[in-house]
Amino acid sequence: MTSVLPEGLSVARHGDLAGRSADPWIRRLLLTGLAGIVLLALLGVFGQQPQTSRAASADASLVVRAPSRIRGGLIFQARFTITAGRRLEQPVLSLERGWFEDMSINSVAPEPTSEASRDDHVDLVFDALGAGETMTVWIYFQANPTNLGRQRERVALRDGATTLVHLDRSVLIFP
């Protein structure tokens, strides 16, 4: 039985793939590269595992738990734990612009009593903390999809205008 091919098709070109300009190894290499990227993503190379940073002095300690690698468009949580070594009359969590640059804030809990922008920092002011008391602040961010590269995310804990501790952090944002 002889089969008739539809008009415009030929056995040599469409059945035997004669005349193909791209070597099949190039296609296989590209597909292997894509599969490698998917495997790396499954292994967590592209974020959002949280990293913990700590700073302490006799007056207070600050622990920050937030991802150091994220993907654009991702919603993530940053947790700031403040422990007072002495009474803090006006605890201020001062976040550098890297926390806000091309980021959206979805929520802050507990809400600060006031907020202010100072130079390239955003200051979140909270109620007084007694010696030995601990307060945890959760901030939920979303990295804007167009945000790429490394950003500095410094954070300081102040009592009024006096800096008690500070942390130098950074975040790497993947497409």
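The values are calculated or read from the model by the stated rules, or taken from the named source; none is laboratory data. Note that the structure is predicted; figures quoted are calculated from it, not measured. In this analysis, Cβ positions are derived from the backbone assuming ideal geometry, glycine residues included, and neighbour counts consider all displayed protein chains.
When region 141-172 is limited to residues that are free of Cβ contacts under 8 Å to residues at least 40 places away in the same chain and in a loop (DSSP other than H, G, I, E, B), the one that is nearest to the chain's Cα centre (by Cα) turns out to be Asp168.
Part of a strand (DSSP E or B), surrounded by fewer than 16 Cβ atoms within 10 Å (Cβ to Cβ) and assigned by TED's automatic domain parsing to the domain that holds Arg69 - does that describe any residue in region 87-102? No, that holds for no residue. The C-beta contact set for region 23-50 (first residue in contact (Cβ under 8 Å) with a residue 12 or more places away in the chain, second residue assigned to a loop (DSSP other than H, G, I, E, B) and surrounded by 11 or more Cβ atoms within 10 Å (Cβ to Cβ), distance under 7 angstrom, 6+ apart or interchain) comprises Gly47/Leu74; Gln48/Leu74.
Tell me, yes or no, whether region 30-42 has at least one residue that is within 20 Å of Asp168 (Cβ to Cβ) and modelled with pLDDT of 90 or more. Explain how you work it out, then say what you get.
If we filter region 30-42 for residues that are within 20 Å of Asp168 (Cβ to Cβ), which is where we start, we get none.
Checked against the condition, which is being within 20 Å of Asp168 (Cβ to Cβ) and modelled with pLDDT of 90 or more, region 30-42 yields no hits at all.
Of all the numbered requirements in (1) farther than 27 Å from Phe141 by Cα; (2) surrounded by 11 or more Cβ atoms within 10 Å (Cβ to Cβ); (3) of a type in the set (Lys, Arg), Arg71 misses one, and that requirement is (1).
Each row is one residue, and each column tells you yes or no for (1) closer than 30 Å to Ala156 by Cα; (2) within 26 Å of the chain's Cα centre (by Cα); (3) at pLDDT below 85.
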{"residue": "Ser3", "(1), (2), (3)": "no, no, yes"}
{"residue": "Gly8", "(1), (2), (3)": "no, no, yes"}
{"residue": "His14", "(1), (2), (3)": "no, no, yes"}
{"residue": "Gly19", "(1), (2), (3)": "no, no, yes"}
{"residue": "Asp23", "(1), (2), (3)": "no, no, yes"}
{"residue": "Phe46", "(1), (2), (3)": "yes, yes, yes"}
{"residue": "Ser53", "(1), (2), (3)": "yes, yes, no"}
{"residue": "Val64", "(1), (2), (3)": "yes, yes, no"}
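Looking at Arg150, is it under 20 Å from Gln51 (Cα atoms) and surrounded by 13 or more Cβ atoms within 10 Å (Cβ to Cβ)? Considered against the rule, which asks whether it is under 20 Å from Gln51 (Cα atoms) and surrounded by 13 or more Cβ atoms within 10 Å (Cβ to Cβ), Arg150 comes out as no. From the residues in region 103-140 that are closer than 20 Å to Ser61 by Cα and within 15 Å of the chain's Cα centre (by Cα), which one is surrounded by the fewest Cβ atoms within 10 Å (Cβ to Cβ)? Looking at residues that are closer than 20 Å to Ser61 by Cα and within 15 Å of the chain's Cα centre (by Cα), I get Trp138.
Would you check which residues across region 62-94 are of a type in the set (Phe, Trp, Tyr) and closer than 21 Å to Thr113 by Cβ and list them? I'd like the intermediate steps shown before the answer.
Here is the first cut: in region 62-94, the ones of a type in the set (Phe, Trp, Tyr) are 76, 80.
Scanning region 62-94 gives a single hit, Phe80.
A single member of Arg87, Arg118, Arg97 is farther than 20 Å from Leu167 by Cβ and of a type in the set (Lys, Arg), and it is Arg87.
Taking the conditions (1) modelled with pLDDT under 95; (2) in contact with a Pro (Cβ under 7 Å, 6 or more places away or on another chain) in turn, Leu124 satisfies each one other than (1).
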